[in-house]
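Any read-out appearing in this document is the output of simple, stated calculations on the displayed coordinates, not a laboratory observation. This structure is a prediction, so every number in the text was calculated from the model and none was measured. Cβ placement follows ideal geometry from the backbone for every residue including glycine, while neighbour counts extend to all protein chains displayed.
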Amino acid sequence: MTDQNHSLKAVRVVAPPNIALIKYWGKADVQRNHPAVGSLSVTLDGLHTETHLSASSSDQFILNGKPAPAMAARAFAFADAMYAACGEGPRPSMAIQTDNNFPTAAGLASSASGFAALTLALDAAFGWSLGADDLAQWACRGSGSAPRSLLGGFVRLDLAQDAERIALSPVASAQDWPLHLVVAVTSLAQKKTGSTEGMTRSRGTSPYYDQWLATHAADLDAAQHAIAARDFAALAEVTEHSCLKMHAVMFASRPPLIYWNAASVAAIDAVRQMQAEGLQACFTMDAGPQVKVLCTAECADTVADRLARVTGVDTVLRARVGVGARVLDVAVSG
Ligand code: DP6
């Protein structure tokens, strides 16, 4: 055994967000944070979380330059669990500094990139050298969408048959199908109800929740086939269906989960207008009011211009399908 307890290396890692085309909403096991349904996502290039982890005399957590107590508690609870399983002796104190180059907690998947980054950072800092499968299990403990950010391109996440582990599989790379993603940011306010709480509410109260579970596998397979065939129209149809079905489950929860605002509706309307004009673009939304538009490279400029002109759209962010999380550097600290 190495002296891993005493030598915490300073590390810098970067992890991209990912956007689910086929959505995860609902948990099979809250304790282990196992999803009730699989999901299929695209990993983004151009937006990222960068996390620095180093030894410190006391635990510190800085998010985008400021202390963030709620996220700090979640991050250190995660670090404690991972260290208890993989490390030895008491966990050394550490400073975690994490920066997103995109809005945090507004439905832009910052928990996915954040926990993918933290998982990799802890593994590299303590020199555990966990395999890809173990890293995915840990990332999932942090956030159900986080394992998908470990891989690039189009990524599928399934719950294994015995429901004991999740299984992450690459579906296609960024080179295989270099699509673009344009985000219409319609509000920078932090979301009112986090995903974990929202999923619990939907499972307990939405009359559509069981149907959501029952019809989900077919959507995953349809999306996977569409990607294999590079069939944009088929992928667009099932992507929008999965998004709207998830939001139907949310709307019908009690109290309702309404993540949309007027500009979200206007942006979706603009996408439908572009589709009517023959542009290859489709929309999706998560637990926030931003509208994410997947499109071909040829029409990405037009999509971005048109979304920027929608009333209520604050900013337009551009990304491409990209590579997964990675360690940038590791150095002996202290
Ligand atoms: C709507 O991964 O944020 O974005 O596991 O509770 O952290 P927790 O949830 P999270 O949920 C993501 C939900 C979604 C759909 C998706 O990304 O698949």
Please identify the longest segment of the chain free of exposed trypsin sites (Lys or Arg not before Pro), where exposed means a DSSP state other than H, G, I, E or B and no more than 15 other Cβ atoms within 10 Å. 33-191
Could you work out how much longer the chain between A218 and V265 gets when fully extended? Use 0.36 nm per residue separation minus the Cα distance between them, nm to one decimal. 14.2 nm
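Could you calculate the FRET efficiency of F251 with E88 from 1/(1 + (r/R0)^6), where r is the beta carbon distance between them and R0 is 30 Å, rounded to 0.05? Intermediate values should be presented prior to the final figure.
Working: r = 49 Å, r/R0 = 1.62.
The formula returns an efficiency of 0.05 here.
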Residues of the stretch 109-123 with amide N under 15 Å of a point placed 7 Å along Cα→Cβ from D134: 119-123
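Under the rule that an exposed site lies in a DSSP loop and has at most 15 other Cβ atoms within 10 Å, name the longest stretch of the chain with no GluC sites (Glu not before Pro) of that kind, not counting the sites themselves. Write down the numbers at each step before the final one.
Working: sites that count: E88, E164, E277.
Formally, the longest exposed-site-free interval is 165-276.
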Given a cut-off of under 8 Å on Cα pairs at least six residues apart, what relative contact order in percent is computed for the stretch 124-241? 15 percent
If the cut-off is a Cα-Cα distance under 27 Å, which lysines reach K27, setting aside same-chain residues fewer than 8 apart in sequence? K191, K192, K245, K292
For the stretch 291-312, list residues with backbone N below 17 Å from a point placed 7 Å from the Cα of E277 toward its Cβ? 293-311
Kirkwood calc, the chain, C-alpha pairs only, radius in angstrom 20.1 Å
Residue with peak Gaussian network fluctuation, the chain [Cα springs, cutoff 10 Å], from L151, L257, L120: L257
Nearest-5 percent of antiparallel DSSP beta bridges in the chain? 95 percent
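Hydropathy at least 0.5 by Kyte-Doolittle, axial extent at least 18 angstrom from the Cα trace: which helices of the chain, defined as entire DSSP H runs, fit?
Working: long enough: 69-86 (25 Å, 0.96); 110-126 (24 Å, 1.22); 209-228 (29 Å, -0.10); 232-251 (28 Å, 0.81); 262-276 (21 Å, 0.65).
Qualifying helices, which must be both long enough and hydrophobic enough, are 69-86, 110-126, 232-251, 262-276.
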Where the eigenvalues come from the Cα gyration tensor of the stretch 16-75, what are the semi-axes √(5λ) of the equivalent ellipsoid, largest first, in whole Å? 28, 18, 9
Okay, helix-only estimate at 222 nm for the chain: each DSSP H run of n ≥ 4 adds -39500 (n - 2.57), divide by all residues, round to 500 deg cm²/dmol; what do you get? -12000 deg cm²/dmol
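Just round it to a whole percent: the fraction of Cα-Cα distances in the stretch 249-334 exceeding 20 Å.
Working: 1711 of 3655 pairs.
So the portion of pairs separated by more than 20 Å is 47 percent.
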With contacts defined as alpha carbon pairs under 8 Å and 6 or more residues apart, what's the relative contact order of the chain in percent? 27 percent
